[in-house]
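Trainee: One structure, as structure tokens, below. Some questions next.
The values are calculated or read from the model by the stated rules, or taken from the named source; none is laboratory data. Predicted, not measured: the structure shown is a model, and the values here were computed from it. Cβ sites come from the backbone with ideal geometry, for glycine too, and all protein chains shown count toward neighbours. The area values use the complete protein model at the heavy-atom level, side chains included, leaving out ligands, DNA and RNA. Shrake-Rupley method; radii C 1.70, N 1.55, O 1.52, S 1.80 Å.
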Amino acid sequence: MSAPHPFASLVGPLRYACARGFAQLSTVKDLGALLRGAIDAAEKSGLEPSAIDALRAELPHVDSAAPERRKASLLRVLAAVRAGGLSLPPELSALVAQGGEHEGPSNGPPGENEPGLPDEGGGAPEPESDERPEPVDQARLLSIAPREGPLATPLKQAGWRINPRLLGQLNRKGMSKVGDVLFLLPRVYEDRRRMRLIAQLSPGERGVTVGEVRTAGEVPLRRGRRCFRAVIADKSGSIAATFFQTGPWLKAKFPVGKRVVISGEVRASGYGREMAHPEVEPADDQATSSIHFGRIVPVYPGFERHEQRAFRELTFRVAEKFASSIEEPLPQWLRKKLSLLELGEALRRIHFPREEDEIARLDAHQSAAHRRLAFDELFFLQLGLSLRRQGVKLQPGIAFDASEARLSRARSMLPFQLTEAQARAVRQICRDMASPEPMNRLLQGDVGSGKTAVAAVAAAVALFDGYQVALMAPTEILAEQHHHTLRGYLGALGFEVGLVTAAGTPRARKEVREAICAGRLPVAVGTHALIQEGVELHRLGLVIIDEQHRFGVIQRHALMSKGRRPDVLVMTATPIPRTLAMTVYGDLEVSLIDELPPGRTPIVTRVYVEKARERVYERMREELERGHQCYVVYPLVEESEKVDLADATRGAQELARLFPDRKVGLLHGRLRQEEKEQVMAEFRARRTEIMVCTTVVEVGVDVPNASVMVIEGAERFGLSQLHQLRGRVGRGAAASYCYLIAGYARSKESSDRLRVMEESNDGFVIAEKDLELRGPGEFLGTRQSGIPELAVANLVRDQPLLNLARDEARSIVERDPRLRLPEHLGLVKALEERWEGRLALARVG
């Protein structure tokens, strides 16, 4: 079997670092260590030297403190990885295509020469770091942009001529209306109130200066390539403007003897100061232009440096003509109470700040204008969630008999006593089930806390009243696990449990569907197969959705619609930080299981480097001698699935060699369902002692005799995923251990993650840290949550604003549940725009 590509370990971290227009780049540390590991592996494998050299050339730049330099370096890393023969995921390939090819940096010594002048041999000196245009971020439209009224005016009808090239660019970005321009917010700002001399520019910072063009033209680079370089000078010194492309249009931008303004990131090359792909503007209107000079000016995402001026002029015109016509959605009393700017004023100032606005607060997105727009996002999000919660309460549902006698009978099926936290959750759930209002509750508990037992009690309450129960799980293994567990619990009360998945013979699947439809199977457990056509439920009364964030909002709604307003219980073992729970699950009541069943001992977690692997095997031998079992988990990610699967297969073969007297099993997602079930059955029955698996074991697999979890390539996992995997052991009374094996090429951030795992077993501590490291969108996959995305607000940074928005939204809904007061008419319209009709799915959660 072929060895993994030496650059394969870079793909996951690069995908994360480059995601969403490099939005998370500031959280990624020590990429140089990853590169060094990949370079070492490549040299041992005999890879093409030019690709290795290209990677090595980026070591000084890939962790640069200057964001733009770091982004450009990452683009060159991606190009080198692809040149080395590794296929990149589509989104990374697209970035490479945007950035083009990059020359490797030169390591020439600093000098005093004027940059860009030919040397004696007639060739141009190489720049220290040949950067391409700064990466083009995806244009992010603020989601409250109106879809009707003056701001819905097509750009072609705005009242002035727009450059056809710019118009084409805007159309490709989906920006066809004037409101789209107004709601594309600046990424950063440049202070052009007082121009600095060239000698005052500091490498590593963004700078703006004006000077005279001394020389301009093409200069040769290595390997027959050419670049364009212009030298700009003032009375204090000179700076080079370098472009790694050529053409007559560039020469036209730098007429020799003319004065120009250049702006961009300043860097120190081997021959002096330099800007790569700066924004260039004629200085003729420096004294007269109030749009581009003498003020703080915006820099927009989605446009290269030389395109900023044209888009800025368009934005200025749109803001002047249309900002005042935007409808103000917030009542005047609320704006006055919270000292918020009017929306039109906020939009004008976010694009063209006033003299008194601080550039540091603008760049941090914490100016008064940003605060207003962030509040709008959070407020309308919370208002929609409050209305969804209110809408649930107004609908008639099922009032189950949840008397103490019924509860006592339901609890009698369990072969153990509920913990106090479980009993509290049961009381809360059953109180909701006894009410005629439909239940919409989240059951949140750490791994191993006993959520399934609580759900089984709720299911028994519904079954006693003659209703059916449906439980939907995200994977076939987890569905099979729930089927196995519930059959044991509910079978003691005489209720049969059916399993609905895509596996099995057509005849068997048909028989199960018919039995559920006829009501002969009162409990249906399954995957998304439950919501497919042909699966009808006789009398659905309770819907249980496990690991609910793994489902799309429409999938959850499809299951609930198979009954007439059934009660809904959603469960998650992913500890959710309070800020995120308020946002994603703000319309749900929450029950928390915050203690583990008695007899569970804390799991001891240790991190081992690759060279200490033998110590991990010794620990495994000790536990196997005690009669316990071990998991060994390999990472499996989409972009390198074949390589990862090969690693797991090789790992199983190596363990079989190291433990010749032990049976080693292999479980991965490519196996047929029958094969997976057979492998798991062997492990449960203790006939298999070491289970090698990919991350299909992450959720729900329960084998109490397993006491060791070994996680290979631990640096490639997120914190929450590591915590989920660790939770597969420690389910019995025996002491349990989790050993994290970290590869050589790990970043500082991944080392920090592993340290958190060593120090804490508390899922909520880990979740807060994970949210801090990854951000809310990556943490939960909020695209799946059915709530609007956030373009301005940041849930970590803006927590006080989120609390304020939630309190105000709930207060308004309590006073005016249907928003019928005249002062709330603006709220209704903005709410419809903001939620895009998704409030109709009032109970999807």
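Trainee: Where in region 32-58 does the amide nitrogen come within less than 19 Å of the point 7 Å from the Cα of R223, taken along Cα to Cβ?
Mentor: 39, 42-43, 46-58
Trainee: Suppose we take every Cα in region 460-510 and form the convex hull; what volume per residue is that in Å³?
Mentor: Each residue corresponds to 88 Å³ of Cα convex hull volume.
Trainee: OK, next. Could you give the alpha-carbon Rg of region 156-289 over 2.2 N^0.38 Å, rounded to two decimals?
Mentor: For region 156-289, the normalised Cα radius of gyration comes out at 1.21.
Trainee: Report relative contact order for region 370-500 in percent, whole number only (criteria: Cα-Cα under 8 Å, sequence separation at least 6).
Mentor: 26 percent
Trainee: Order V607, V765, most accessible first, counting only protein heavy atoms with a 1.4 angstrom probe.
Mentor: In descending accessible area the options line up as V765, V607.
Trainee: Give the Debye-formula value of log10 I(q)/I(0) at each listed q (0.15, 0.19, 0.23, 0.24 Å⁻¹), with one equal scatterer per alpha carbon of region 220-311, two decimals each.
Mentor: Computed log10 I(q)/I(0) values: -0.64, -1.03, -1.41, -1.48.
Trainee: Continuing with the same structure: With no solvent and one equal point scatterer per Cα, compute the Debye intensity ratio I(q)/I(0) for region 153-217 at 0.14 Å⁻¹ and report its log10, rounded to two decimals.
Mentor: -0.72
Trainee: How large is the translational diffusion coefficient of region 365-518 in µm² per second when you combine the Kirkwood radius over alpha carbon pairs with Stokes-Einstein at 25 °C and 0.890 mPa s?
Mentor: Once the numbers are plugged in, D ends up at 134 µm²/s.
Trainee: How many nm separate the modelled label positions at E536 and C517, each set 7 Å beyond the Cα in the direction of the Cβ?
Mentor: The modelled label-to-label distance comes out at 0.6 nm.
Trainee: A further question on this structure: For K321 and E758 in the same chain, what is the full-extension length gain: residue separation times 0.36 nm, less their Cα-Cα distance, in nm?
Mentor: Additional length available on full extension: 151.5 nm.
Trainee: Would you pull out the residues with amide H under 5 Å of M691's amide H, same chain only if 5 or more places away, H placed 1.01 Å from N?
Mentor: Amide H neighbours of M691: C630, Y631, V632, G665.
Trainee: Amide H of C738 versus every other amide H placed in the peptide plane: which residues, excluding those fewer than 5 positions away on the same chain, fall under 5 Å?
Mentor: Residues meeting the amide H criterion: V604, T605, R606, M709.
Trainee: Turning to a different aspect of this structure: In units of 2.2 N^0.38 Å, what is the alpha-carbon radius of gyration of region 416-473?
Mentor: 1.12
Trainee: Oh, and also: If the viscosity is 0.692 mPa s and the temperature 37 °C, what Stokes-Einstein diffusion coefficient in µm²/s follows for region 338-432 when Rh is the Kirkwood radius over Cα pairs?
Mentor: 180 µm²/s
Trainee: Short version: ³J(HN,Hα) in whole Hz for each residue of region 400-407, in order, from phi by Karplus 6.51 cos²θ - 1.76 cosθ + 1.60 (θ = phi - 60°), x for Gly and Pro, what are they?
Mentor: 7, 7, 10, 5, 4, 5, 5, 4
Trainee: Could you run the Debye sum over the Cα atoms of region 189-248, one equal point scatterer each and no solvent, and tell me log10 of I(q)/I(0) at q = 0.29 Å⁻¹, two decimals?
Mentor: -1.15
Trainee: Which whole-Hz couplings ³J(HN,Hα) result when phi for each residue of region 199-214 is put into the Karplus expression 6.51 cos²θ - 1.76 cosθ + 1.60, θ = phi - 60°, listed in order with x for Gly and Pro?
Mentor: Coupling constants for region 199-214: 5, 8, 6, 9, x, x, 10, 6, x, 10, 8, 10, x, 9, 6, 8 Hz.
Trainee: For the pair E404/K44, report the inter-label distance in nm, with labels modelled 7 Å from Cα in the Cβ direction.
Mentor: Simple spin-label model gives 6.8 nm for this pair.
Trainee: Considering amide H positions built from the backbone, and no H for Pro or chain starts, which residues 5 or more places from A268, or on another chain, come under 5 Å of its amide H?
Mentor: Amide H to amide H, under 5 Å and 5 or more residues apart or across chains, A268 pairs with G204.
Trainee: Oh, and also: Please report how far the C-alpha centroid of region 647-675 lies from that of region 271-304, rounded to the nearest whole angstrom.
Mentor: The two parts, judged by their Cα centres, are 60 Å apart.
Trainee: Once the other residues with Cβ under 12 Å from the Cβ of A158 are scored (Lys, Arg +1; Asp, Glu -1), what is the net sum?
Mentor: Once all neighbours under 12 Å are counted, the net charge is +3.
Trainee: Can you work out the accessible area per residue across region 297-417, with the rest of the protein chains kept in place, probe 1.4 Å, in square angstrom?
Mentor: 41 Å²
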